């Protein structure tokens, strides 16, 4: 099997709720699908996503891809590409002009697994096909009423663990959100908070202790301080031994390695390109550090989550992407289930390609009504 062609489809539409954290808010979906096409017609699917700004017109995406990425791909076997190790030096050490890196890895792994007729997680060596999932609201910009409705629905459909956003300038706001959550979800539920680097190291220690003194037990505190403050993260781990520090989300593979060596985290947050996650997962295993699988587009990360025994949790945040594929990843009873279809199991839905593709960028007021995610309570439409 060798790569013969590619196809890119651009999508742009409104989200069904605003998402964000203490630093950012996001109102729209801006994504393009990358389909790598093999000589035998097999297709590997990946997703090119930008969070804050629309992608350029599809003609420009194709031009950049053909100039920067395709020369190293054309005629190559996907099974070889996924294991290739580059040695970038000098001016060759630079990212693509558009975010192709993760999409390329996912699409190539999809094809490699299809070539041997295995689900991707089996191709990666898994011994299981499900991982515990926690409900993540990306909820900082929701009103209190919206916040309660969201997590009440997540609890009602079987989630037993919940992560909320904190880091408000008024700490009483954070405490109130914890109070609302505790009054909404089942007794004994596991609770995580995510500050998205809103705090300094001593500030974080004081606030985490105050949260405990207010009666809230936390499974973990995610990204409490700056990602590169390895000494501060190590200090924080020692200052709050009653909870875990979850960090590493914003670091690349090299940064995650530095974080592990600095003993700056109790649980390492991984997500993104398959090859990168597997390699850092192996290192974390050698050091005895558990992993959590953060948000991945359409929950594609379920495959590496199942393949790495150290992954204990997968994040699910109810984003309205499901209409883009024929069969999304199944999530029920507080678990995410890896597809048993060859490859990663996600196929671009042709009706979505016809109805939701947007070859040219559109202003927000022309995006129309957001596509509905059936996993979200109807009352939230």
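The values are calculated or read from the model by the stated rules, or taken from the named source; none is laboratory data. The model shown is predicted, which means the values in this text are computed figures rather than measured ones. Don't worry about glycine lacking a Cβ; one is built from the backbone with ideal geometry, like all the others, and counts go over all protein chains shown.
Is it true that residue 263 is on the phi > 0 side of the Ramachandran plot and touching a helix residue (DSSP H, G or I) at 6+ places or on another chain (Cβ under 6 Å)? Give the steps one after another, and end with the answer.
Numbers: on the phi > 0 side of the Ramachandran plot: yes; touching a helix residue (DSSP H, G or I) at 6+ places or on another chain (Cβ under 6 Å): yes.
Criteria met by residue 263.
Given the residues 128, 132, which is the only one that is touching a helix residue (DSSP H, G or I) at 6+ places or on another chain (Cβ under 6 Å), closer than 30 Å to residue 118 by Cα and surrounded by fewer than 22 Cβ atoms within 10 Å (Cβ to Cβ)?
Values: 132 fails: touching a helix residue (DSSP H, G or I) at 6+ places or on another chain (Cβ under 6 Å).
Matching residue, one of 128, 132: 128.
Does residue 22 count as crowded, with 17+ Cβ neighbours inside 10 Å and outside the structural domain of residue 170 (by TED's automatic domain parsing)?
Details: crowded, with 17+ Cβ neighbours inside 10 Å: yes; outside the structural domain of residue 170 (by TED's automatic domain parsing): yes.
Here the answer is yes, as residue 22 does meet what is asked.
Name the strands (runs of 3 or more DSSP E) wholly inside the stretch 270-360 in which the number of residues that are touching a strand residue (DSSP E or B) at 6+ places or on another chain (Cβ under 9 Å) and more than 27 Å from residue 147 (Cβ to Cβ) is 1 or more.
Filter on the stretch 270-360 gives 291-293, 311-316, 335-337.
If I filter the stretch 366-381 down to residues being over 23 Å from residue 59 (Cα atoms) and not in a loop (DSSP other than H, G, I, E, B), which single residue comes out as modelled with the highest pLDDT?
378
So is residue 360 at negative phi and assigned by TED's automatic domain parsing to the domain that holds residue 34 or not?
Working: at negative phi: yes; assigned by TED's automatic domain parsing to the domain that holds residue 34: yes.
It is true that residue 360 is at negative phi and assigned by TED's automatic domain parsing to the domain that holds residue 34.
Among the residues of the stretch 6-28, which ones are within 17 Å of the chain's Cα centre (by Cα) and in a loop (DSSP other than H, G, I, E, B)?
Listed by number, the residues that qualify are 21, 24.
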